[in-house]
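Quick notes on the structure that follows.
The values are calculated or read from the model by the stated rules, or taken from the named source; none is laboratory data. Remember, predicted model here, so these are calculated numbers, not experimental data. Counting neighbours? That spans all protein chains shown, and the Cβs are built from the backbone with ideal geometry, glycine included. The protein model used for the area step is the full one, side chains on, heavy atoms only, and it has no ligands, DNA or RNA in it. Shrake-Rupley method; radii C 1.70, N 1.55, O 1.52, S 1.80 Å.
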Amino acid sequence: MKNLWWQTGIIYQIYPRSYQDSNGDGIGDLQGIIQRLDYLKWLGINIIWISPIYPSPMADFGYDISDYTGIHPLFGTMEDFDKLLQQIHQRGMKLVLDLVPNHTSDQHPWFIESRSSKDNPKRDWYIWKDAKPDGSPPNNWLSVFGGSGWEWDEKTGQYYYHGFLKEQPDLNWRNPKVQQAMLDVMRFWLDKGVDGFRVDVMWHMIKDDQFRDNPPNPDYQQHMSTYDQLLPVYSTDQPEVHDIVKKMRRLLDEYNERMMIGEIYLPIHKLVTYYGIETKEAHMPFNFMLLSTPWQAATIAAAVDEYEGLLPKDGWPNWVLGNHDQPRITSRVGIQQARVAAMLLLTLRGTPTIYYGDEIGALDVPIPFDEVQDPQGLNMPDKNLSRDPARTPMQWSGEPNGGFSTSKPWLRLHRAWERQNVTLQKEDPYSMLHLHRRLIQLRQKEPALMHGNYAPVFSDHQVLAFRRYAEGDKSFLIVLNLSHRPCYFKTDNIKISGTIVVATLPELEGTAVEDSINLGGDEGVIVELAYK
């Protein structure tokens with residue numbers, strides 16, 4: 001069976017505000033991305049996913065869209081976008097756009113019409129409800145960004161629902177006209193030649209039609225987001241959402257080899273249902289297990305096996321270590337283990353997604369309270385939940401502002417940018433950047449690693465080991481030490497005989513191994529086995 005581009009490729013997420021500023025306003029833009037395409041090609045990236053670039057009041061930095069078929073002037077023009085798409089395709093790469101179908105900006109013409117009067121034709125495009133007799137909201141649903149999910153509208157005397165900011169009213173996806181309008185948006189970009197979509201908060205798109213109260217979360221703890229006080233069993237992941245995703249997929253299937261990724265934070269047994277019956281829904285529901293699973297070898301091994309076991313027939317796996325909503329991997333597990341994490345990400349079966357900057361070991365940057373811009377951080381200031389630390393400008397060089405901009409960047413850079421940047425790491429064969437590049441090169445060269453089979457081999461409190469192999473082709477053993485102390489690996493599950501081809505410590509490369517493997521703390525190796 002032919003392997004499709006999203007099954008053999010490596011996805012790289014760009015947060016456009018922070019990638020490269022081309023016009024000196026301190027904010028990254030489309031021309032900036034164009035300037036860095038050769039770097040991405042050098043790294044081995046072949047799929048670029050760009051966070052939202054549409055017109056927006058920027059209440060949630062582009063996830064509040066006021067025009068689905070335009071480009072925000074901050075990022076450039078539609079001509080810039082067309083040039084970016086052409087340049088990406090010229091290099092044999094693919095472009096995936098962020099689609100935000102669950103909610104619009106409150107400045108979107110649809111919502112302006114909807115809130116103008118109760119009998120406006122677009123009233124039912126959003127979720128409007130009367131207050132309870134005492135004037136309180138229709139139910140107890142909460143906003144992800146803090147407080148109630150309901151906002152009172154004085155003019156028309158009803159509440160509207162917003163799962164996120166009050167400036168982000170949720171669309172009523174039970175309305176066929178809403179469905180058609182959003183499919184038309186997708187068609188607009190597909191006709192331009194965009195290769196696919198990453199669909200934001202896919203599991204939020206349909207709500208319980210009885211608007212029942214969500215139950216309390218028995219596991220809630222004080223440090224958690226206020227949203228986690230309730231279990232969102234009625235406000236998210238409703239059965240009817242699958243009909244919507246199927247319609248989106250049918251549209252994509254009218255085009256040649258277009259792809260859809262769904263953003264879905266759900267337990268793995270629920271996540272896999274978004275592949276759909278006969279895999280007719282999302283091509284890849286984003287698998288966030290490595291973002292939430294404790295960084296322990298046996299726990300991660302069990303998580304990988306659970307996911308592999310639950311995947312539907314023909315369901316293609318994928319793995320993510322970081323994104324614009326989560327702390328960076330280097331800040332979660334430390335710089336040494338981040339090298340091991342990169343090896344894990346790029347050797348597991350399935351499509352890997354790299355978050356910009358992770359390839360140089362970028363860290364979360366402490367943003368002073370008076371500089372916080374993320375609404376999640378501003379609305380819950382005592383909980384340290386701002387996403388700004390993981391969204392700081394890319395560190396390109398030792399030039400002023402890290403080569404990101406000629407003026408003050410919208411967020412500050414890491415203090416050590418002068419010695420932790422792409423330019424220096426390109427010159428250092430032992431750098432995190434070169435480790436990523438060598439892992440990508442090996443993966444893209446070897447069918448066993450790109451789309452071969454996965455077999456668990458061993459795990460304990462230190463070691464995670466698995467095998468990747470393709471019928472009639474090479475076989476690789478990956479052994480990772482997820483602890484800081486030396487470990488000694490030997491197993492009866494597999495005959496160990498081969499040569500280390502890539503290691504987190506390059507001095508090990510070329511070493512022959514027989515029967516056992518001894519690793520220092522924070523080390524990982526890929527062994528090409530001497531047999532198929």
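Helix 78-90 versus the longest principal axis of the chain: what is the Cα-based angle in degrees, 0 to 90, to the nearest 10?
Between helix and principal axis, roughly 20 degrees.
Could you grab the Rg to Rh ratio for the stretch 313-356? Cα atoms only, Kirkwood for Rh. If you can, show how the numbers build up before the last one.
Working: Rg = 11.4 Å, Rh = 11.2 Å.
A ratio of 1.02.
What is the percent carbon and sulfur in the accessible area of the stretch 440-514, measuring with a 1.4 Å probe over the protein chains and ignoring ligands?
51 percent
From the helices alone, meaning DSSP H stretches of at least four residues, give me the mean residue ellipticity at 222 nm for the chain, per-run term -39500 (n - 2.57), in deg cm²/dmol to the nearest 500.
Details: 16 runs with 134 residues, N = 532.
Dividing the helical sum by the residues of the chain leaves -7000 deg cm²/dmol.
Nearest 0.05, what FRET efficiency do Ser516 and Ala455 give at R0 = 25 Å with Cβ-Cβ as r?
That gives a FRET efficiency of 0.85.
With +1 on each Lys and Arg Cβ and -1 on each Asp and Glu Cβ, and nothing else charged, work out how big the dipole of the chain is about its Cα centre, in Debye to the nearest 20.
Dipole of the chain, to the nearest 20 debye: 900 debye.
By how many nm would the segment from Asn3 to Ser116 lengthen if fully extended, with 0.36 nm per residue of separation less the alpha-carbon distance?
Roughly 35.7 nm would be gained on extension.
Apply the a/c threshold of 1.5 to the C-alpha gyration tensor of the stretch 114-184 and tell me whether it is rounded, prolate or oblate. If you can, show how the numbers build up before the last one.
Numbers: a/c = 2.19, a/b = 1.35, b/c = 1.62.
In terms of gyration-tensor shape, oblate.
I want to make sure I understand the PRE zone here: with the label point 7 angstrom from the Cα of Thr293 toward its beta carbon, which residues in the stretch 454-494 have backbone N atoms less than 19 Å away?
Correct set: 454-469, 477-484.
Taking the Cα centre of each part, how many Å lie between the stretch 336-397 and the stretch 421-454?
Value for the Cα centre distance between the two parts: 20 Å.
Less than 11 Å Cβ to Cβ from Phe111, Lys/Arg counted +1 and Asp/Glu -1: what total charge do the surrounding residues give?
Once all neighbours under 11 Å are counted, the net charge is -3.
Across bins of 10 angstrom width beginning at 0, how are the C-alpha pair distances of the chain distributed, in whole percent?
Bins of 10 Å from zero give 4, 18, 28, 27, 16, 6, 1, 0 percent of pairs.
Nearest 5 percent is fine: what portion of the DSSP beta bridges confined to the chain is antiparallel?
Around 60 percent of the beta bridges assigned by DSSP in the chain are antiparallel ones.
Among Pro109, Phe211, Asn453, flag the residue with its Cα farthest along the positive direction of the charge dipole of the chain, charges on Cβ as +1 for Lys/Arg and -1 for Asp/Glu.
Asn453
Which distance in nm do the two modelled labels at Trp42 and Val233 give, with both placed 7 Å along the Cα-to-Cβ direction?
5.4 nm
Express in nm, to one decimal, how much length is gained between Gln441 and Met78 on full extension, taking 0.36 nm for each residue of separation and deducting their alpha carbon distance.
This chain segment gains 127.3 nm when fully extended.
First compute the accessible area of the stretch 244-386 with a 1.4 Å probe, then give the percent of it belonging to carbon and sulfur atoms. Show your work: numbers first, answer last.
On the way: 2700 of 5120 Å².
Percent of accessible area from carbon and sulfur atoms in the stretch 244-386: 53.
With a point put 7 Å past each Cα toward its Cβ, work out how far Asp382 is from Lys270 in nm, to one decimal.
2.8 nm
Quick one: how many lysine pairs does the stretch 418-532 have with C-alpha atoms less than 29 Å apart and a gap of 8 or more or different chains? Give me the count, please.
10
Please name whichever of Ala282, Val144, Met343 sits farthest to the positive end of the charge dipole of the chain, dipole taken about the Cα centre and charges placed at Cβ: Lys and Arg +1, Asp and Glu -1.
Going by the Cα projections, it comes out as Met343.
For the stretch 405-469, evaluate the Debye formula with one uniform point scatterer on each Cα (no solvent term) and list log10 I(q)/I(0) at q = 0.14, 0.15, 0.18 Å⁻¹, rounded to two decimals.
-0.71, -0.75, -0.85
With r as the distance between the Cβ atoms of Lys408 and Ser497 and R0 = 60 Å, compute the FRET efficiency 1/(1 + (r/R0)^6) and round to 0.05.
The calculated FRET efficiency here is 0.60.
Rounded, prolate or oblate: which one fits the stretch 287-441, using the alpha carbon gyration tensor with axes a ≥ b ≥ c (rounded when a/c is under 1.5, else prolate when a/b beats b/c, else oblate)?
oblate
What number comes out for accessible area per residue over the chain if the probe is 1.4 Å? Units Å², please.
Working: 20640 Å² over 532 residues.
Accessible surface, normalised per residue, equals 39 Å².
For the stretch 143-260, with only Lys/Arg (+1) and Asp/Glu (-1) charged at the beta-carbon, what is the dipole magnitude about the Cα centre, in debye rounded to 20? Write out the running numbers ahead of the final one.
Details: 14 positive and 20 negative charges, 70 e Å.
For the stretch 143-260, the charge dipole is close to 340 debye.
Could you work out Rg/(2.2 N^0.38 Å) for the stretch 35-100, with Rg from alpha carbons only?
Normalised by 2.2 N^0.38 Å, the Cα Rg of the stretch 35-100 equals 1.18.
At a 1.4 Å probe, what is the % contribution of carbon and sulfur to the accessible area of the stretch 60-180? Spell out each step's value before the answer.
Details: 2370 of 4670 Å².
That share works out to 51 percent.
Using +1 on the beta carbon of Lys and Arg, -1 on that of Asp and Glu, and nothing else charged, what's the dipole of the stretch 1-138 about the Cα centre, debye to 20?
540 debye
For the cross-link pairs Lys2/Lys192; Lys129/Lys155; Lys41/Lys83, which exceed 22 Å when the distance is taken from alpha carbon to alpha carbon?
Lys2/Lys192
Among rounded, prolate and oblate, which fits the stretch 397-528 when a ≥ b ≥ c are the square roots of the eigenvalues of its C-alpha gyration tensor, a/c under 1.5 means rounded, and a/b larger than b/c means prolate? Mind showing how you got there, number by number?
Values: a/c = 2.68, a/b = 2.03, b/c = 1.32.
Here the stretch 397-528 falls in the prolate category.
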